[in-house]
């Protein structure tokens, strides 16, 4: 499955943001404990626009992360309501933009809008593409019993089940040991 490059980039960011949550992170702790860690995440994803780099901004991004993790697991119809609400709340006005060497893509808020608002709107725009393509089943939560990691399955056969190789290996090893013990 292929979406527009900006949609795929936004979905990758959402997965990485969502997986900083203590229940989904590799460390088992909140991987956004301070503004510096948020700055590193944003830099890794070439996020542009206004950054305050302070505690209130981080707190608003953490609230957005919680909201987006909940939206990720909704049914298609429920997700439509959330996406529409996120766009309406921000009074989003989609526009084609090119900047920083990037090809044309869509922004629906000002680069000076608060970071959490921009994250929510960009998430809503990406999720609207997923909804319109009837591919919301590709937005998943890891199937490992002890993990709540998010994943987006862009594989051709839509068979990705785990957020990481680590979770896949762990589940497969448990299954192997159970088979060996019963043999």
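Every number in this text was worked out from the coordinates using simple rules, so none of it is lab data. Please read these numbers as outputs of a predicted model, since none were measured by experiment. Cβ coordinates were reconstructed from backbone atoms using ideal geometry, including for glycine residues, and neighbour counts include every protein chain displayed.
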Helical contribution to [θ] at 222 nm, DSSP H n ≥ 4, -39,500 (n - 2.57), averaged over the chain, rounded to 500: -16500 deg cm²/dmol
Pulled fully out, how much extra length does the chain show between residue 59 and residue 8, if you take 0.36 nm times their separation in residues and subtract their Cα-Cα distance? 15.8 nm
So what's the angle, to the nearest 10 degrees on a 0 to 90 scale, between helix 165-182 and the longest Cα principal axis of the chain? 20 degrees
Mind jotting down the distance between the C-alpha centroids of segment 114-183 and segment 50-109, whole Å? 20 Å
Residue of 37, 168, 155 that the Gaussian network model of the chain assigns the largest fluctuation, springs spanning Cα pairs under 10 Å: 155
Starting from 0.36 nm per residue, how many nanometres of slack lie between residue 179 and residue 85 once their C-alpha separation is accounted for? 29.1 nm
Please rank 118, 170, fewest neighbouring Cβ atoms within 10 Å first, as an exposure proxy. 170, 118
Among (i) 11.6; (ii) 10.8; (iii) 10.2, which one is mean projected area of the Cα convex hull in nm² computed from these coordinates? (i)
Could you work out how far apart the two model spin labels at residue 44 and residue 26 are, taking each label as a point 7 Å from the Cα in the direction of the beta carbon, and quote it in nm? 0.8 nm
Mind giving me the nanometre distance, one decimal, between the label points for residue 100 and residue 165, set 7 Å out from Cα along Cα→Cβ? 2.8 nm
With axes computed from alpha carbons, what is the tilt in degrees of helix 35-44 against the longest principal axis of the chain, rounded to the nearest 10 within 0 to 90? 90 degrees
Helix 55-72 against the longest principal axis of the chain: what's the angle in degrees, Cα atoms only, rounded to the nearest 10? 60 degrees
With each label point set 7 Å from Cα along the Cα-Cβ vector, what nm distance links residue 154 and residue 36? 3.1 nm
